[in-house]
Amino acid sequence: MLSVAGSTTLIQRNLERLRAGDESARQELIGCACRRLERLTRKMLRCWPRVQRWEQTDDVLQNALLRLYRSLSDTAPEDGVGFFRLAALHVRRELHDLAKHYYGPRGIGANHATAAWRSRAEGEPPDALDALASTGDGDPARLAAWAEFHAQVDRLPAEEREVFDLLWYQDLSQAEAASLLGVSERTIKRRWAAARVRLHKILGGTLPECEGPLHADEARANEP
(Lines give C-alpha, C1' and ligand atoms only; values in the text may rest on other atoms or scores of the structure.)
Protein backbone atom coordinates (compact mmCIF):
# COMPACT_ATOMS: atom_id res chain seq x y z
CA MET A 1 0.00 0.00 0.00
CA LEU A 2 1.27 3.47 -0.86
CA SER A 3 2.43 5.77 1.90
CA VAL A 4 0.62 9.08 2.34
CA ALA A 5 3.52 10.90 0.71
CA GLY A 6 3.59 8.40 -2.17
CA SER A 7 -0.16 8.65 -2.67
CA THR A 8 -0.01 12.45 -2.66
CA THR A 9 2.78 12.42 -5.24
CA LEU A 10 0.80 10.06 -7.46
CA ILE A 11 -2.30 12.24 -7.18
CA GLN A 12 -0.27 15.30 -8.16
CA ARG A 13 1.18 13.51 -11.21
CA ASN A 14 -2.26 12.41 -12.35
CA LEU A 15 -3.61 15.94 -11.94
CA GLU A 16 -0.80 17.21 -14.14
CA ARG A 17 -1.63 14.54 -16.73
CA LEU A 18 -5.29 15.50 -16.58
CA ARG A 19 -4.52 19.18 -17.13
CA ALA A 20 -2.38 18.14 -20.07
CA GLY A 21 -5.39 16.45 -21.66
CA ASP A 22 -4.84 12.81 -20.65
CA GLU A 23 -8.38 11.63 -19.90
CA SER A 24 -7.17 8.28 -18.55
CA ALA A 25 -5.81 10.16 -15.54
CA ARG A 26 -9.37 10.64 -14.24
CA GLN A 27 -9.80 6.94 -13.51
CA GLU A 28 -6.33 6.65 -12.01
CA LEU A 29 -7.02 9.62 -9.73
CA ILE A 30 -10.11 7.91 -8.37
CA GLY A 31 -8.22 4.66 -7.90
CA CYS A 32 -5.24 6.03 -6.01
CA ALA A 33 -7.40 8.21 -3.74
CA CYS A 34 -10.21 5.73 -3.10
CA ARG A 35 -9.07 4.58 0.35
CA ARG A 36 -8.75 8.14 1.64
CA LEU A 37 -12.07 9.11 0.06
CA GLU A 38 -13.73 6.18 1.81
CA ARG A 39 -12.44 7.48 5.16
CA LEU A 40 -13.69 10.96 4.32
CA THR A 41 -17.13 9.66 3.29
CA ARG A 42 -17.48 7.58 6.46
CA LYS A 43 -16.63 10.62 8.57
CA MET A 44 -19.13 12.84 6.75
CA LEU A 45 -21.92 10.24 6.78
CA ARG A 46 -21.75 10.11 10.58
CA CYS A 47 -22.80 13.76 10.52
CA TRP A 48 -26.02 12.87 8.66
CA PRO A 49 -27.67 10.34 11.02
CA ARG A 50 -31.01 10.31 9.21
CA VAL A 51 -29.31 9.46 5.90
CA GLN A 52 -27.11 6.92 7.67
CA ARG A 53 -30.26 5.07 8.69
CA TRP A 54 -30.91 4.23 5.03
CA GLU A 55 -27.51 4.32 3.33
CA GLN A 56 -24.12 2.64 3.85
CA THR A 57 -20.73 4.29 3.33
CA ASP A 58 -19.99 2.24 0.20
CA ASP A 59 -23.20 3.33 -1.53
CA VAL A 60 -22.69 7.01 -0.75
CA LEU A 61 -19.05 6.77 -1.85
CA GLN A 62 -19.88 5.08 -5.15
CA ASN A 63 -22.35 7.79 -6.15
CA ALA A 64 -20.05 10.58 -4.97
CA LEU A 65 -17.19 9.09 -7.01
CA LEU A 66 -19.37 9.10 -10.13
CA ARG A 67 -20.06 12.80 -9.53
CA LEU A 68 -16.36 13.43 -8.97
CA TYR A 69 -15.37 11.49 -12.09
CA ARG A 70 -17.75 13.51 -14.26
CA SER A 71 -16.66 16.83 -12.77
CA LEU A 72 -12.99 16.06 -13.45
CA SER A 73 -13.76 16.28 -17.17
CA ASP A 74 -14.37 20.01 -16.64
CA THR A 75 -12.26 20.79 -13.57
CA ALA A 76 -8.66 19.81 -12.85
CA PRO A 77 -7.61 20.95 -9.35
CA GLU A 78 -4.13 22.38 -8.97
CA ASP A 79 -3.04 20.01 -6.21
CA GLY A 80 -4.07 17.21 -3.89
CA VAL A 81 -5.72 19.55 -1.40
CA GLY A 82 -7.90 20.99 -4.14
CA PHE A 83 -8.70 17.49 -5.35
CA PHE A 84 -9.89 16.35 -1.92
CA ARG A 85 -11.87 19.54 -1.43
CA LEU A 86 -13.64 18.83 -4.71
CA ALA A 87 -14.25 15.25 -3.60
CA ALA A 88 -15.68 16.46 -0.28
CA LEU A 89 -17.98 18.81 -2.18
CA HIS A 90 -19.43 15.91 -4.15
CA VAL A 91 -19.85 13.78 -1.03
CA ARG A 92 -21.79 16.66 0.55
CA ARG A 93 -23.94 17.04 -2.58
CA GLU A 94 -24.71 13.33 -2.56
CA LEU A 95 -25.69 13.51 1.11
CA HIS A 96 -27.87 16.57 0.45
CA ASP A 97 -29.67 14.79 -2.38
CA LEU A 98 -30.16 11.65 -0.30
CA ALA A 99 -31.60 13.72 2.54
CA LYS A 100 -34.09 15.30 0.12
CA HIS A 101 -34.88 11.87 -1.35
CA TYR A 102 -35.65 10.26 1.99
CA TYR A 103 -37.11 13.22 3.84
CA GLY A 104 -38.86 15.22 1.15
CA PRO A 105 -42.69 15.35 1.15
CA ARG A 106 -42.95 11.92 -0.49
CA GLY A 107 -39.78 10.45 0.97
CA ILE A 108 -39.80 7.08 2.65
CA GLY A 109 -38.11 8.51 5.73
CA ALA A 110 -40.59 11.34 6.11
CA ASN A 111 -43.53 8.95 5.95
CA HIS A 112 -42.12 6.03 7.92
CA ALA A 113 -42.95 5.24 11.54
CA THR A 114 -39.67 5.84 13.35
CA ALA A 115 -40.55 5.69 17.02
CA ALA A 116 -39.23 2.18 17.48
CA TRP A 117 -36.36 2.06 15.01
CA ARG A 118 -33.76 2.70 17.67
CA SER A 119 -35.15 2.98 21.18
CA ARG A 120 -33.42 4.45 24.16
CA ALA A 121 -33.68 1.05 25.79
CA GLU A 122 -31.35 -0.21 23.07
CA GLY A 123 -28.67 2.24 24.05
CA GLU A 124 -29.65 5.43 22.24
CA PRO A 125 -28.26 8.54 23.99
CA PRO A 126 -31.03 10.35 25.92
CA ASP A 127 -31.36 13.26 23.51
CA ALA A 128 -30.57 11.55 20.20
CA LEU A 129 -34.14 10.95 19.06
CA ASP A 130 -35.07 14.52 19.91
CA ALA A 131 -32.10 15.72 17.88
CA LEU A 132 -33.16 13.60 14.91
CA ALA A 133 -36.65 15.00 15.11
CA SER A 134 -35.59 18.62 15.38
CA THR A 135 -32.61 18.74 13.03
CA GLY A 136 -33.16 18.30 9.30
CA ASP A 137 -30.14 16.98 7.43
CA GLY A 138 -31.14 19.17 4.49
CA ASP A 139 -31.84 22.27 6.57
CA PRO A 140 -30.91 25.39 4.51
CA ALA A 141 -29.45 27.02 7.62
CA ARG A 142 -27.14 24.06 8.07
CA LEU A 143 -26.05 24.21 4.43
CA ALA A 144 -25.38 27.93 4.76
CA ALA A 145 -23.30 27.23 7.88
CA TRP A 146 -21.22 24.72 5.94
CA ALA A 147 -20.66 27.25 3.14
CA GLU A 148 -19.50 29.86 5.67
CA PHE A 149 -17.22 27.31 7.34
CA HIS A 150 -15.44 26.46 4.07
CA ALA A 151 -15.16 30.14 3.17
CA GLN A 152 -13.48 30.90 6.50
CA VAL A 153 -11.09 27.96 6.13
CA ASP A 154 -10.01 29.48 2.81
CA ARG A 155 -9.17 32.72 4.65
CA LEU A 156 -6.91 31.12 7.25
CA PRO A 157 -3.20 32.10 7.13
CA ALA A 158 -1.39 29.88 4.63
CA GLU A 159 0.42 27.61 7.11
CA GLU A 160 -2.68 27.09 9.25
CA ARG A 161 -4.85 26.47 6.18
CA GLU A 162 -2.37 23.91 4.86
CA VAL A 163 -2.47 21.92 8.11
CA PHE A 164 -6.26 22.27 8.44
CA ASP A 165 -6.70 20.99 4.89
CA LEU A 166 -4.57 17.92 5.57
CA LEU A 167 -6.17 17.02 8.89
CA TRP A 168 -9.76 18.00 8.11
CA TYR A 169 -10.36 17.47 4.39
CA GLN A 170 -7.85 14.69 3.84
CA ASP A 171 -8.35 13.10 7.27
CA LEU A 172 -4.63 12.57 7.86
CA SER A 173 -3.16 12.04 11.29
CA GLN A 174 -0.89 14.72 12.75
CA ALA A 175 2.06 12.38 12.28
CA GLU A 176 1.17 11.84 8.60
CA ALA A 177 0.79 15.58 8.03
CA ALA A 178 4.15 16.26 9.71
CA SER A 179 5.86 13.68 7.48
CA LEU A 180 4.22 15.08 4.34
CA LEU A 181 5.17 18.69 5.12
CA GLY A 182 8.62 17.89 6.48
CA VAL A 183 8.00 19.54 9.86
CA SER A 184 7.72 18.27 13.42
CA GLU A 185 4.50 17.02 15.00
CA ARG A 186 4.93 19.85 17.50
CA THR A 187 4.65 22.34 14.63
CA ILE A 188 1.56 20.57 13.28
CA LYS A 189 -0.07 20.65 16.72
CA ARG A 190 0.66 24.37 17.06
CA ARG A 191 -0.74 25.26 13.63
CA TRP A 192 -3.78 23.01 14.09
CA ALA A 193 -4.57 24.59 17.47
CA ALA A 194 -4.11 28.10 16.05
CA ALA A 195 -6.47 27.35 13.16
CA ARG A 196 -9.12 25.94 15.51
CA VAL A 197 -8.90 28.93 17.85
CA ARG A 198 -9.19 31.32 14.90
CA LEU A 199 -12.25 29.50 13.51
CA HIS A 200 -13.76 29.37 16.99
CA LYS A 201 -13.65 33.15 17.20
CA ILE A 202 -15.00 33.70 13.69
CA LEU A 203 -17.77 31.07 13.77
CA GLY A 204 -18.95 31.65 17.31
CA GLY A 205 -17.63 28.41 18.74
CA THR A 206 -19.59 25.87 16.68
CA LEU A 207 -18.66 23.86 13.60
CA PRO A 208 -21.52 22.70 11.32
CA GLU A 209 -20.88 19.00 11.83
CA CYS A 210 -21.56 16.13 14.16
CA GLU A 211 -18.61 16.42 16.50
CA GLY A 212 -20.13 19.39 18.30
CA PRO A 213 -18.70 22.70 19.52
CA LEU A 214 -15.22 23.86 18.66
CA HIS A 215 -13.90 25.02 22.01
CA ALA A 216 -11.05 27.50 22.02
CA ASP A 217 -9.90 26.24 25.45
CA GLU A 218 -9.71 22.69 24.08
CA ALA A 219 -7.65 23.87 21.11
CA ARG A 220 -5.29 25.81 23.37
CA ALA A 221 -4.94 22.78 25.64
CA ASN A 222 -3.52 20.87 22.68
CA GLU A 223 -0.77 23.39 22.15
CA PRO A 224 2.72 22.15 23.16
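The values are calculated or read from the model by the stated rules, or taken from the named source; none is laboratory data. On a predicted model such as this, the values are computed, not experimentally measured, just so you know. Cβ sites come from the backbone with ideal geometry, for glycine too, and all protein chains shown count toward neighbours.
In the stretch 15-59, the residue that is farthest from the chain's Cα centre (by Cα) out of those that are in a loop (DSSP other than H, G, I, E, B) and touching a residue at least 24 places away in the same chain (Cβ under 8 Å) is 23. Whether any residue in the stretch 68-85 is farther than 16 Å from residue 169 by Cα, in a loop (DSSP other than H, G, I, E, B) and free of Cβ contacts under 8 Å to residues at least 40 places away in the same chain is what I want to check. Among the residues of the stretch 68-85, at least one is farther than 16 Å from residue 169 by Cα, in a loop (DSSP other than H, G, I, E, B) and free of Cβ contacts under 8 Å to residues at least 40 places away in the same chain, which makes the answer yes. Scanning the stretch 70-103 for residues that are over 12 Å from residue 41 (Cα atoms) and among the aromatic types (Phe, Trp, Tyr) gives 83, 102, 103. Inside the stretch 17-44, residues that are surrounded by fewer than 20 Cβ atoms within 10 Å (Cβ to Cβ) and more than 19 Å from residue 76 (Cα to Cα) make up a count of 5. Going by the conditions given, is residue 6 in a helix (DSSP H, G or I), surrounded by fewer than 18 Cβ atoms within 10 Å (Cβ to Cβ) and at pLDDT below 85? Answer is yes for this residue. I'd like to know if the stretch 62-83 contains one or more residues that are within 26 Å of residue 29 (Cα to Cα), exposed (fewer than 15 other Cβ atoms within 10 Å of the Cβ), at pLDDT 85 or above and among the aromatic types (Phe, Trp, Tyr). Yes: the stretch 62-83 contains one or more residues that are within 26 Å of residue 29 (Cα to Cα), exposed (fewer than 15 other Cβ atoms within 10 Å of the Cβ), at pLDDT 85 or above and among the aromatic types (Phe, Trp, Tyr).
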